[in-house]
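What follows is one structure encoded as structure tokens, with my remarks underneath.
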Amino acid sequence: MQAEGMTLTYPALETSDGDLVTETPAICSLLAAMGNALHLCGSDPLEQAHVDQWISFMRSQSLPLAKTLSGAVYGTVDITADEHTYISNLLKDNVKLLNNQLKSKQWFCGGERATIADYMFVICVQELQQCVMDTNLRNSLNNMNNHFKKVAALDEVRGVLGNLKQGKKQVQATCLAKKAKAEPAAAGKNNKKP
């Protein structure tokens, strides 16, 4: 998409005046302002800064890790078992940081109401919660688990994403299943007598 000499990316929102806004956080902020729901962007300048900070962090750090591991589970991203282990370790550090951010907070940015950061959090971790994240790791993240359940139960979230639930167990990534299958076969070849 081209507009006034600049290349735009998706998603893009065209206003009734013909102005184009791109990037999910910018679109969300505009819609919140237009819908008289500015509290979604933070109730004061500090909370607004925290909303921007955590949305940026989740979009640039958490979401790429989550999507890569989800893709490895669903077979849409081709990574090796070593790459999976490396990304899983990065994710472990990442979700521990998110878990610590939620310590003794009612909402992600510390305010009295849910913000766009809370919604972004659920979008970011939904597949991790459902089947991708190691069950032992997930069970150790009480703050994150409780917040996921609370935000996922909000009517406005359920209306868009449906009834999100935590999965009972982790689904193995395709690359790990291939590695597990190959190891016994390789071991069997090595044990054959000449």
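With every protein chain left in place, what is the accessible area of LEU20 in Å² (1.4 Å probe, nearest 10)?
The accessible area comes out at roughly 60 Å².
Top to bottom by accessible area (1.4 Å), largest first, where do LEU91, LEU46 land?
Listed by decreasing accessible area, they come as LEU46, LEU91.
Return a whole-number percent for the relative contact order of the chain, with Cα pairs under 8 Å and 6 or more residues apart as the contact set.
Values: 193 pairs, mean separation 38.9, N = 194.
About 20 percent, as a whole number.
When 1/r is averaged over all different Cα pairs and the result inverted, which Kirkwood radius in Å belongs to region 70-157? Provide the component values of the computation, followed by the final result.
Values: mean 1/r = 0.0721 Å⁻¹.
For region 70-157, inverting the mean 1/r across all distinct Cα pairs yields 13.9 Å.
Have a look at GLN48, LEU30, GLN61 and report the one farthest towards the positive end of the charge dipole of region 7-72, computed about the Cα centre with Cβ charges (Lys/Arg +1, Asp/Glu -1).
Result: GLN61, furthest along the dipole toward the positive end.
If you find the alpha carbon centre of region 55-97 and of region 119-165, how far apart are they in angstrom?
Between the Cα centre of region 55-97 and that of region 119-165, the gap is 16 Å.
Any idea what the alpha-carbon Rg over 2.2 N^0.38 Å comes to for the chain?
Taking the Cα Rg and dividing by 2.2 N^0.38 Å, one obtains 1.26.
What is the dipole size for region 20-83, taken about its Cα centre, with +1 at each Lys and Arg Cβ and -1 at each Asp and Glu Cβ, in debye to the nearest 20?
Using only the charged Cβ atoms, the result is roughly 160 debye.
About its Cα centre, how strong a charge dipole does the chain have in debye, to the nearest 20, once Lys and Arg get +1 and Asp and Glu get -1 at the Cβ?
1720 debye
Using a basic spin-label model with each label point 7 Å from the Cα along Cα→Cβ, how many nm lie between ASP19 and LEU63?
Rounded to a tenth, the inter-label distance reads 2.2 nm.
In region 144-167, whose amide N lies under 14 Å from the spot 7 Å out along Cα-to-Cβ of HIS39? List them in ranges.
Under 14 Å, as judged by backbone N against the label point of HIS39, lie 155-156 of region 144-167.
Label-point separation (nm) for LEU30 and ASN163, each offset 7 Å from Cα along Cα-to-Cβ?
Roughly 3.6 nm, to one decimal.
How are the C-alpha pair distances of region 1-98 spread across 5 Å bins, as whole percents from the shortest bin up?
3, 11, 15, 15, 14, 16, 13, 9, 4, 1, 0
Expected output is a single nm value to one decimal: the length gained when fully extending between THR9 and ASN139, i.e. 0.36 nm times separation in residues minus the C-alpha distance. What is it?
43.1 nm
The values are calculated or read from the model by the stated rules, or taken from the named source; none is laboratory data. No experiment lies behind these values; they were computed from the predicted model shown. Every residue, glycine among them, receives a Cβ derived from its backbone with ideal geometry; neighbour counts consider all protein chains shown. Accessible surface areas use protein heavy atoms only, side chains included; no ligands, DNA or RNA. Shrake-Rupley method; radii C 1.70, N 1.55, O 1.52, S 1.80 Å.
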